[in-house]
1. Calculate the dipole size of the chain relative to its Cα centre from +1 charges on Lys and Arg beta carbons and -1 charges on Asp and Glu beta carbons; express the result in debye to the nearest 20.
2. Taking all protein chains in place and a 1.4 Å probe, what share, in percent, of the accessible surface of the chain do carbon and sulfur account for?
3. Restricting to Cα pairs below 8 Å that are 6+ residues apart, what does the relative contact order work out to for segment 28-109? Please round to a whole percent.
4. What number comes out for accessible area per residue over segment 1-129 if the probe is 1.4 Å? Units Å², please.
5. Mind jotting down the distance between the C-alpha centroids of segment 1-76 and segment 127-150, whole Å?
6. Would you tally the net charge around residue 153, using a Cβ to Cβ cut-off of less than 13 Å, leaving residue 153 out, and scoring K and R as +1, D and E as -1?
7. Give the peptides 52-63, 134-145, 105-116 in descending order of average Cβ contacts within 10 Å, highest first.
8. Pick out, from 22, 126, 53, the residue whose Cα sits farthest towards the positive end of the charge dipole of the chain, with +1 on the Cβ of Lys and Arg and -1 on the Cβ of Asp and Glu.
Amino acid sequence: MSNPLESVDRRILAALQQDGRLTNQALSAEVGLSTSPCWRRVRQLEEEGVIRGYRAVLDRRRIGLGVLAFIRVRIGSHSAEEAEEFSESVRQIREVVACYSIAGDSDFLLQVVAPDLDSYADFAMAVVRRLPGIKEMQTMFVLKEIKPFQGFPLAGP
């Protein structure tokens, strides 16, 4: 979307980030629009790709994923082919819940979950260390989630 978001669009997005299951009627009441214009704006935000989907937010511990870690990875060369091969391999690994290409002394940052430390160790040795082009990796374990991702800030101009 090339244009900045209008105030009402930011209110819609903020409400949906808080509760993606809001009915159109509840959403329109919360943002101060009648139902038809609210529905049209939501559809437009979806069509423009601002809203990319709707998901349930799960408690990872309650589904058996007690370990949350970040892995900094450096690859051997910086060729586009090697970076793409690494990226494609990472996309296929279900334990990697997010991956970012980063600047600095590493090339990628992986966010990984595992049931426990032993499972993580097995995963790191059997899967991560065997990724194509990997030169170096460093794991940082999350001891406590202070502020987990809850949505993007939507402050207006």
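The values are calculated or read from the model by the stated rules, or taken from the named source; none is laboratory data. All values reported here derive from a predicted model rather than from experimental measurement. Here the Cβ positions follow ideal geometry from the backbone for every residue, glycine too, while neighbour counts run over all protein chains shown. The accessibility values were calculated without ligands, DNA or RNA, using every heavy atom of the protein model including side chains. Shrake-Rupley method; radii C 1.70, N 1.55, O 1.52, S 1.80 Å.
1. 540 debye
2. Values: 5570 of 10900 Å².
Reported share for carbon and sulfur atoms: 51 percent.
3. It comes to 24 percent, rounded to a whole number.
4. Here the per-residue accessible area is 65 Å².
5. Rounded to whole Å, the Cα centres lie 26 Å apart.
6. Surrounding charge for residue 153 is +2.
7. Numbers: 52-63: 8.8, 134-145: 11.7, 105-116: 17.8.
Descending packing order for the listed peptides: 105-116, 134-145, 52-63.
8. 22
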